[in-house]
Structure formats: C-alpha cells, structure tokens
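First up is the structure itself, then whatever we jot down about it.
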Amino acid sequence: MANALPNVGKASRYGDLKRRLLFLLAALVVFRIGAHIPVPGIDPHVLGDLFKDQQGGILGMFNMFSGGALRRFTIFALGIMPYISASIIMQLMTAVNPQLDQLRKEGESGRRKITQYTRYATVFLALFQATGISIALESQPGLVLDPGLMFRITTVTTLVTGTMFLMWLGEQITERGLGNGISILIFAGIAAGLPNAVAGTLELVRTGAMHPLTALLIAVAVIAVTGFVCFVERGQRKILVNYAKRQVGNRVYGGQSSHLPFKLNMSGVIPPIFASSLILFPATLLGWFGSAEGMIWLRDIAGTLTPGQPIYVLLYAALIVFFCFFYTALQYNPKETADNLKKSGAFVPGIRPGEQTARYLEKILTRLTLGGAIYVTLVCLLPEFLILRWNVPFYFGGTSLLIIVVVTMDFMAQVQAYIMTHQYESLLRKANFKGGLPAR
C-alpha cells in the first residue's frame, strides 16, 4: 500500500499535463483534416500547374506556412497569416497611438480589449485577402469551373470562416494545451511538408539529378545550422541589477541582486517573414501582370526578385536587418525599463538611475540587435544558396528552419516549466507549509 502511494501522486501530478498534450494532439489532427477539405468550384489540376510556376514566390511561402492548404485551396487556405499580420499591425498602432498604449498599461482588461481589436482586424484582412484571391482565381483561364458572384461569395465566406476557426483553435491551444497556439499551428504546417521535401530530395538522388555525397553534405549542413540556431537562441546577456536597502519600521528590505536578461535575437522569426513577404508579394504581382501582351518587361523585373538572384539576396539581407531593429524597438523600450527600475529602487552598478540607465540599456540593446540581425541574415541566406546551387526544396529555407527550432525550444521550455511548477507544489504540500496550494 505504501509503495502504491508514490505512483498515485505521480499520476495525479502529470495527469493535467497528459490532458493538455492530448488536447494539443487532437487540435493538430483537426488542423490537418481541415487542410485537406477543398473549397468547391476549383479545378485541382489547373491549380497544381499554377503553383508549379509560383513555387519560389509568395504563394510558395504562404503555402508552406499553411501546410499545403493553399496549394490544395482548402478551407484553411489563408492559414493563420491574417491573424499574425493583424497582431503586428496592432503592435505598431500601440507604439504610435496613446490610447492603445494606455490600454496596454491597464493590465488584463486592456489586453482583452486589444485582443478584441486584433480579432476585428483579422476579419477585415481575411475579407480583403479572400476577395482578392477569388478575383485573381477567376482571372486564370480554366481554373474556376463556374465563375461569377456566387463563386466569390462562397470562396470569401469559406476562407474567412477557416481563418477565424484557426484563430480560435490557436487560442484554445494556448489556454488548454501547451505552448503558443499560433506558433504551434505554423510549426505544424511547416512540419507537415517536411516528409515531402525529404522525399523530393531522395528522388533527385535516385534519378541522378543530385549526387549522393551532395545530399549527405546538405543533411550535415541542415543539422549544423539547427545546432547553431539552438545555441544562439539560448544565448542571453544578463545585466546585473541591485536593489537599494530601505528600512520600514524595524525591518530592512532590499539589498538583493537580480538580472535583466536580453536575448541576442529579440525579434524572433518576424524579420525574415516580413522581408520575404515584402519582396515576393510585388514580384508575384509583376509576374501575373507580365503574362499580358506588351508587359514582358514586368516579368523580367519579377525574375530579378526571385530567390537566388543577386538583387533578391541583397534586398532580403537589408530588409532582415531593418526589421530586426524595427521590431526590437517596438517590443522593448529602454526608457520605460529604466523608469520602472528607478521606481522600484533598483539600479545598474556604476550607472545612474534614470536617463543614463536608459542610454546604457539602449547601447547594449543596439549591439545585441546588430549581432542578432547578422545571425538571422546568415541563417536565412545559407539555405538560399543551397536552393540556388543544388535545387534543394523550399522547405529547407532559413525562415522555416528558424520557426521549427524556435517553436520547438519554446514548447520544451514550457513543458519543463509546467513539470517544475507541479513538483514545487508537491514539495509545498509535503512540507505542510502554511498558505500552500490545495491538493488537486
């Protein structure tokens, strides 16, 4: 009987974790099922030929994020990208709009209102994108079986509903599952295409289009870059912070030390996504309009903006560096951090509280962002050269690799934190501390 008690405690300790993992798996199954339910009225063969021509363009990138749903034109064809775009727009608006900034500082109630505004913006962007897609599909000869107003209404309704369902599913994963739901869905979409990418590479080896040694070198390079990304993403610059001693009655408070952790890559995977979109979107439009008579020069311009071309590589690198600085500046305000430290009686050793602390933090942040921008640029450009030299599938791109590694690391960190929290609660209950958490 005594031996059975630890097993019972262990089962109850990890029971909630098991339920969360099962819910996450069920949500991913629903996501993959929806990625195979097609929108009515589309000829799949003509659509497949269209994607073959646009494999390296904006459609190929969005198709990667949606897990192939865009290529099959399913109910999840838009994916979660409208919600991500709306979230970033709201972050931009918060930085420039005093009312939204005040909402952000109000805590949980303000966060709920900003989330509500983000949902409204998601609906608007999804409506705009779905309408544009339905019109663009009708312009392709033989693609739409029965073009007209009814097709547009059906397509727009289906795509917008699919995006809103994914947004809701991501929020449910965040609340009832593990990890950030939106990131998990993007990760699942990219990971779903990895087997086909590996199979395509092996097919190139089988047909003789790629030497087996080249395939082995590519696999080693992917593993090495993955390890490098893991190493850098874990890197932090910790700034020592001391708290001044203060006496209240007969007790002395403070006198402790803490750290401000700064990551090397504080902007995450947003810069390469934005940089790719900003280059590939106009290139795709120019390619479409260049198919008309007398517009061949537009197609020539679009050809210079395809992955692997020198102009594309230079623009891609410059935009990644720009968005690294831009997005980091949006996310982190050194002056606000310095003011909070001053209000709490904390200071950086050797630096005066207030304005000097803000300048010191900004200087460190600028150096870290520069290093992070160079790191992200190198990771994203290396696969571009692999694609250009050996025609490696697009799924091995730097953006997809960054997303997979970062989301996996974040997921594992949340699982470890969840386990440690439950172990800590168990220790409190065993020690019979007053104010301990009640048994579950």
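The values are calculated or read from the model by the stated rules, or taken from the named source; none is laboratory data. The structure displayed is predicted, hence computed values, not measured ones. With ideal geometry, Cβ positions are generated from the backbone for all residues, glycine too; neighbour counts draw on all protein chains shown. Note: accessible area is taken over every heavy atom of the protein model, side chains too, but ligands, DNA and RNA are not part of it. Shrake-Rupley method; radii C 1.70, N 1.55, O 1.52, S 1.80 Å.
Limited to segment 156-176, what total is found for residues that are modelled with pLDDT under 90 and crowded, with 23+ Cβ neighbours inside 10 Å?
0
Give me a count of the residues in segment 110-125 that are of a type in the set (A, V, I, L, M) and within 14 Å of TRP168 (Cα to Cα).
Of the residues in segment 110-125, the ones of a type in the set (A, V, I, L, M) are 114, 121, 123, 125.
Add one more test, that the residue is within 14 Å of TRP168 (Cα to Cα), and what stays is 123.
Number satisfying all stated conditions: 1.
Step by step: first the residues of segment 229-268, then only those that are at pLDDT 80 or above and β-branched (Val, Ile, Thr), then the one that is farthest from the chain's Cα centre (by Cα). Which residue is that?
VAL241
Please go through segment 163-187 and pick out each residue that is touching a Phe, Trp or Tyr at 6+ places or on another chain (Cβ under 9 Å) and over 27 Å from THR131 (Cβ atoms).
Hits for segment 163-187 are GLN172, ILE173, ARG176, GLY177, LEU178, GLY179, ASN180, SER183, ILE184, PHE187.
One line per residue, one yes/no per condition, for (1) in contact with a Ser or Thr (Cβ under 6 Å, 6 or more places away or on another chain); (2) modelled with pLDDT of 80 or more; (3) not in a helix (DSSP H, G or I):
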{"residue": "ARG19", "(1), (2), (3)": "no, yes, no"}
{"residue": "LEU22", "(1), (2), (3)": "no, yes, no"}
{"residue": "ALA27", "(1), (2), (3)": "no, yes, no"}
{"residue": "GLY67", "(1), (2), (3)": "no, no, yes"}
{"residue": "ARG71", "(1), (2), (3)": "no, yes, no"}
{"residue": "LEU78", "(1), (2), (3)": "yes, yes, yes"}
{"residue": "MET90", "(1), (2), (3)": "yes, yes, no"}
{"residue": "TYR117", "(1), (2), (3)": "no, yes, no"}
{"residue": "ALA121", "(1), (2), (3)": "no, yes, no"}
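Out of curiosity, is ILE153 β-branched (Val, Ile, Thr), closer than 29 Å to ASP43 by Cβ and without any contact (Cβ under 8 Å) to a residue 40 or more places away in the chain? Before you say what the answer is, go through the steps one by one.
Details: β-branched (Val, Ile, Thr): yes; closer than 29 Å to ASP43 by Cβ: yes; without any contact (Cβ under 8 Å) to a residue 40 or more places away in the chain: yes.
Yes.
Considering LEU194, LEU185, which residue is surrounded by fewer than 16 Cβ atoms within 10 Å (Cβ to Cβ), touching a helix residue (DSSP H, G or I) at 6+ places or on another chain (Cβ under 7 Å) and part of a helix (DSSP H, G or I)?
LEU194
Looking only at helices (runs of 4 or more DSSP H) that lie completely in segment 310-405, which have at least 3 residues being of a type in the set (Lys, Arg), modelled with pLDDT of 85 or more and open to solvent by less than 60 Å² (accessible area, probe 1.4 Å)?
Fully inside segment 310-405 and qualifying: nothing.
Select from segment 79-138 the residues that are open to solvent by less than 30 Å² (accessible area, probe 1.4 Å) and touching a strand residue (DSSP E or B) at 6+ places or on another chain (Cβ under 8 Å) and list them in ascending order.
Within segment 79-138, LEU137 is the sole residue that qualifies.
Exactly one condition in (1) more than 26 Å from PHE187 (Cβ to Cβ); (2) modelled with pLDDT under 80; (3) among the hydrophobic types (A, V, I, L, M, F, W, C); (4) surrounded by 17 or more Cβ atoms within 10 Å (Cβ to Cβ) is false for MET295; which is it?
With (1) more than 26 Å from PHE187 (Cβ to Cβ); (2) modelled with pLDDT under 80; (3) among the hydrophobic types (A, V, I, L, M, F, W, C); (4) surrounded by 17 or more Cβ atoms within 10 Å (Cβ to Cβ) applied to MET295, the lone miss is (4).
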